[in-house]
Amino acid sequence: MIGAVVVVPGAPALVPPLMGAAAADLEPVRSAALELLGSALGTFAGPPDVVVAGPPNGGGVGAGPADHTRRGRWAGPVSAADFGRAAVLDALPGAPGGPPDPDVPTALLGARWLLGEVAREDPGAARWAGLTWLPVTPDSPATVPGEGPVLLVVAADGAASHGPKAPRAEHPGAASYDDAIAAALAAGDPDRLTGTDPHLGAEVGALGPWVWPWLGRVTAGRRWRARVVWTGHPFGIGYVVASWVAA
C-alpha cells in the first residue's frame, strides 16, 4: 500500500554534472525535492519499498511498450553520457557495482540522482538495493508493486512550451495545464488528477502526460496530507515538487 508520494521533475537537468555552470539555476528545485523525500521517508515506521514511476523513453500519447518493471533495476551505477556530458551516478547502498548502465529512461535520471543523495544519509537501508522502476504508459494498470508500505516517487514534467525559449513552440495552454496539476496536487485530490487531459498535455509538450491521471487512479479512495513546495518553469518546462502522505 502506498504510504507516501513524492512528485519531482522528470528532468536530467536535476543532475548537477550535466548542467555545468547552469546547475545553480535548479538548486532551489533540488533542495525542495530532497527535503520532501527525506520528510516522506521519515513518515514510515520501517524501511518502505521505494518505487519510482514515470514515462518510458518514447514521447507523447500512444507511446510504445515500456521496459518491464524489475526490482533492483538501475540501483547499480548508471551513466548519463547520452545527455552530453560524461557523468556516472554511483550505485545505491547495497546494490551491486559493475559497468554503468547507459540505458536509463530520461525521466528517471533526475530522480535517480536525488535518491542517491538521500541514500548517502541512510547507507545501511536495504530499500535502496531493491529500488523498483515502474514505467507508466497510457495502458498501465492502476497498481504499484511492493511487498509492504511503499514510497512512490513520481518523476514527471508539465508543459514544455512556456515562453519563447522553451523546447517546444510557445503554447497558450501551457500555464493553465500546469496550474491545474499543481492545484490538484496542493488539494491532495486524486479525482482532479485523474481528470487531467493527456491529449492537452501532448499539445503543450509534456513528456508522458498520462502519468498524472495514472497517479490519480493509484491514489484514489484515500485521504492525503498534501504539500506543494515548488512550482515554476525554468528553461520553459513546467516543474512541480510536491508530496502526499497518507492521512
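Remarks
- Residues of the stretch 200-230 that turn out to be within 25 Å of residue 138 (Cα to Cα), of a type in the set (Val, Ile, Thr) and more than 13 Å from the chain's Cα centre (by Cα), as a count: 3
- Boolean, residue 74 is modelled with pLDDT under 90, touching a helix residue (DSSP H, G or I) at 6+ places or on another chain (Cβ under 7 Å) and of a type in the set (A, V, I, L, M, F, W, C): yes
- Across the stretch 96-117, the number of residues qualifying as surrounded by 20 or more Cβ atoms within 10 Å (Cβ to Cβ) and either among the β-branched types (Val, Ile, Thr) or farther than 17 Å from residue 10 by Cβ (or both) comes to 2.
- The single condition from (1) on the phi < 0 side of the Ramachandran plot; (2) modelled with pLDDT of 95 or more that residue 188 fails is (1).
- For the stretch 145-157, the set of residues classified as part of a loop (DSSP other than H, G, I, E, B) and surrounded by 22 or more Cβ atoms within 10 Å (Cβ to Cβ) consists of 156, 157, listed by residue number.
- You will find that of 231, 219, the residue that is touching a strand residue (DSSP E or B) at 6+ places or on another chain (Cβ under 8 Å), crowded, with 19+ Cβ neighbours inside 10 Å and free of Cβ contacts under 8 Å to residues at least 60 places away in the same chain is 231 and no other.
- Against the list (1) within 18 Å of the chain's Cα centre (by Cα); (2) at pLDDT below 80; (3) surrounded by 13 or more Cβ atoms within 10 Å (Cβ to Cβ), the condition residue 68 fails is (3).
- If only residues of the stretch 24-56 that are in a strand (DSSP E or B) and out of contact with any Lys or Arg (no Cβ under 8 Å at 6 or more places or on another chain) are counted, the one that is nearest to residue 235 (Cα to Cα) is 54.
The values are calculated or read from the model by the stated rules, or taken from the named source; none is laboratory data. Please read these numbers as outputs of a predicted model, since none were measured by experiment. Every residue, glycine among them, receives a Cβ derived from its backbone with ideal geometry; neighbour counts consider all protein chains shown.
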